[in-house]
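Here's the structure we're looking at; comments come further down.
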Amino acid sequence: MFINEAFAQAAGGAAQPEPTLMSFLPLIGILVIFYFLLIRPQTKRAKEQKQMRDALQKGDEIIIAGGELGRVTSVGENYITMEIAPDLEITVLKTAVQTLLPKGTLRTIDTGKSNRALKATKQQKTQESQKDQPEENRPEADTTDSASETTKQDSEKN
């Protein structure tokens, strides 16, 4: 016959060592590192975020998840109403609130709008109000010269 008989190896011949606590020590170390570097700081941040949302009150300035900035006008259990522009209010979930801004921040934020547009609007309003006044009550200063001077100054700045 060509096939020799095969016998099972004896149980005591080349036995592997039994797992001990020392073999699990690297795994335990990795779990501890993950806890202190990832899990614990995340739960701490979530707790602070929840406290901030619970403490929201009327007049607070906030940023929501979509990036909109506004002032809180009313607070409910799950929703808040915030004013994002004069006479424009939206209702959002409290969980959408990302950041509580210091008071007065909305007035100091540079929106990227040119001051020229704001000045031009003010000048148009003053010109309209001057048209309504009789000629003897109008001020002596010419507003068109001051308007052209401000636009020249603005263009030199840019």
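So is PRO41 loosely packed, with under 10 Cβ neighbours inside 10 Å and in a helix (DSSP H, G or I) or not? Spelling it out, it is not the case that PRO41 is loosely packed, with under 10 Cβ neighbours inside 10 Å and in a helix (DSSP H, G or I).
Looking across segment 56-109, the residues that are closer than 22 Å to ARG45 by Cβ and either free of Cβ contacts under 8 Å to residues at least 12 places away in the same chain or small (Gly, Ala, Ser) (or both) come down to ALA65, GLY66, GLY67, ALA96. If you take the residues in segment 49-68 that are outside any helix (DSSP H, G or I) and closer than 13 Å to ALA96 by Cβ, which one is farthest from the chain's Cα centre (by Cα)? Out of the qualifying residues, it is LEU56.
The rows are residues; the columns are (1) closer than 25 Å to LEU100 by Cβ; (2) part of a loop (DSSP other than H, G, I, E, B); (3) modelled with pLDDT of 95 or more.
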residue: ASN4; (1), (2), (3): no, yes, no
residue: ALA8; (1), (2), (3): no, yes, no
residue: GLY12; (1), (2), (3): no, yes, no
residue: LYS47; (1), (2), (3): yes, no, yes
residue: GLU77; (1), (2), (3): yes, yes, no
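The values are calculated or read from the model by the stated rules, or taken from the named source; none is laboratory data. Being a predicted model, the structure only gives us computed values, none of them experimental. In this analysis, Cβ positions are derived from the backbone assuming ideal geometry, glycine residues included, and neighbour counts consider all displayed protein chains.
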